[in-house]
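Below is one structure; the comments refer to it alone.
The values are calculated or read from the model by the stated rules, or taken from the named source; none is laboratory data. Remember, predicted model here, so these are calculated numbers, not experimental data. Neighbour counts are summed over all protein chains in view; Cβ atoms, including those assigned to glycine, are modelled from backbone coordinates with ideal geometry.
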């Protein structure tokens with residue numbers, strides 16, 4: 001059975017080791033089955049620990065001898081202390097030190113889960129809530145959504161995510177409250193990000209309806225003067241950030257419609273994130289809490 005060390009979430013079930021000196025284990029996260037083969041139990045422990053942390057404790061251990069996993073990864077160590085990584089059936093490979101290899105594993109794992117998740121849709125977006133209604137901030141990596149989310153949290157908003165909005169068919173958005181990936185001078189503050197509590201905030205634990213969708217990008221000196229879009233146009237704007245669109249467009253559109261059709265859609269350039277955070281929460285007080 002894998003030992004998780006300091007990981008808070010404990011897996012359910014047992015992991016079976018087999019295939020000679022190798023260890024193979026499997027788990028399921030958001031309905032996506034994954035198997036991992038490593039060349040030592042110690043490496044297997046590390047891999048499960050980082051996977052479970054990356055999926056916020058959602059990894060449920062399954063028996064690899066009974067299940068054909070949808071996605072397979074191979075990791076092995078070299079005599080020079082480096083590691084090889086392969087995503088089976090693809091061209092994705094890599095080699096390097098342990099930290100770099102684990103980071104690549106987590107990055108590919110998140111991509112796979114966000115693409116193929118069952119009964120939910122992952123959208124690249126930051127999310128906070130105010131007055132029991134969520135504010136969805138779609139955006140690609142580097143778009144500034146984490147900065148805006150952090151400022152909203154500092155002003156009292158409840159933290160849902162700075163990376164993914166997880167939408168269910170009933171139209172609710174679920175927390176994916178990982179540590180915030182705040183950057184400083186182009187570098188991560190720490191390997192695991194910044195816990196929301198460090199900002200004086202709290203993480204959400206329950207899903208809520210989406211009250212507003214904020215489509216914005218930073219422009220120095222800009223003043224927030226958004227236009228209101230129709231829900232239909234809002235869905236069109238969010239589609240490029242909807243990860244499983246190329247996998248299951250019909251289901252993705254159905255979930256987007258359910259989640260966004262009653263939301264207020266705002267689009268415009270912004271100046272400083274701290275200024276917009278104040279305006280958004282003031283707006284939410286008037287429009288979303290009535």
Exercise. Looking only at segment 54-89, which residues are exposed (fewer than 12 other Cβ atoms within 10 Å of the Cβ) and either in the same structural domain as residue 181 (by TED's automatic domain parsing) or in contact with a helix residue (DSSP H, G or I) (Cβ under 9 Å, 6 or more places away or on another chain) (or both)?
Worked result: 81
For this session: Among what's in segment 245-268 and is over 21 Å from the mean Cα position of the chain (by Cα) and surrounded by fewer than 16 Cβ atoms within 10 Å (Cβ to Cβ), pick the residue that is farthest from residue 173 (Cα to Cα).
Result: 250
For this session: Could you tell me whether residue 266 is assigned by TED's automatic domain parsing to the domain that holds residue 144, at pLDDT 95 or above and in a strand (DSSP E or B)?
Result: yes
Seminar exercise, completed: Exception for residue 131 within (1) closer than 30 Å to residue 213 by Cβ; (2) in contact with a strand residue (DSSP E or B) (Cβ under 8 Å, 6 or more places away or on another chain); (3) not assigned by TED's automatic domain parsing to the domain that holds residue 142 falls at (3)
Exercise. Residue 94 fails exactly one of the following numbered conditions: (1) assigned to a loop (DSSP other than H, G, I, E, B); (2) at pLDDT below 85. What is the number of that condition?
Worked result: (1)
Seminar exercise, completed: Given (1) modelled with pLDDT under 90; (2) more than 24 Å from residue 120 (Cα to Cα); (3) out of contact with any helix residue (DSSP H, G or I) (no Cβ under 7 Å at 6 or more places or on another chain), residue 23 misses just (3)
Exercise. Somewhere in segment 111-125, is a residue closer than 21 Å to residue 234 by Cβ, assigned by TED's automatic domain parsing to the domain that holds residue 182 and more than 14 Å from the chain's Cα centre (by Cα)?
Worked result: no
Exercise. Considering segment 190-244 alone, what residues qualify as being over 27 Å from residue 285 (Cβ atoms), under 20 Å from the mean Cα position of the chain (by Cα) and modelled with pLDDT of 95 or more?
Worked result: 239, 240, 242, 243, 244
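Residues are listed down the side, and each one gets a yes or a no for (1) surrounded by fewer than 23 Cβ atoms within 10 Å (Cβ to Cβ); (2) at pLDDT below 95; (3) touching a helix residue (DSSP H, G or I) at 6+ places or on another chain (Cβ under 6 Å); (4) in the same structural domain as residue 262 (by TED's automatic domain parsing):
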residue: 137; (1), (2), (3), (4): no, no, yes, yes
residue: 141; (1), (2), (3), (4): yes, yes, no, yes
residue: 147; (1), (2), (3), (4): yes, yes, yes, yes
residue: 152; (1), (2), (3), (4): no, no, yes, yes
Problem set entry | Single match in 47, 75, 43, 66 (criterion: modelled with pLDDT of 90 or more, farther than 25 Å from residue 174 by Cα and more than 20 Å from the chain's Cα centre (by Cα)) | 75
Exercise. Is it fair to say residue 51 is buried (at least 17 other Cβ atoms within 10 Å of the Cβ) and either in a loop (DSSP other than H, G, I, E, B) or assigned by TED's automatic domain parsing to the domain that holds residue 174 (or both)?
Worked result: no
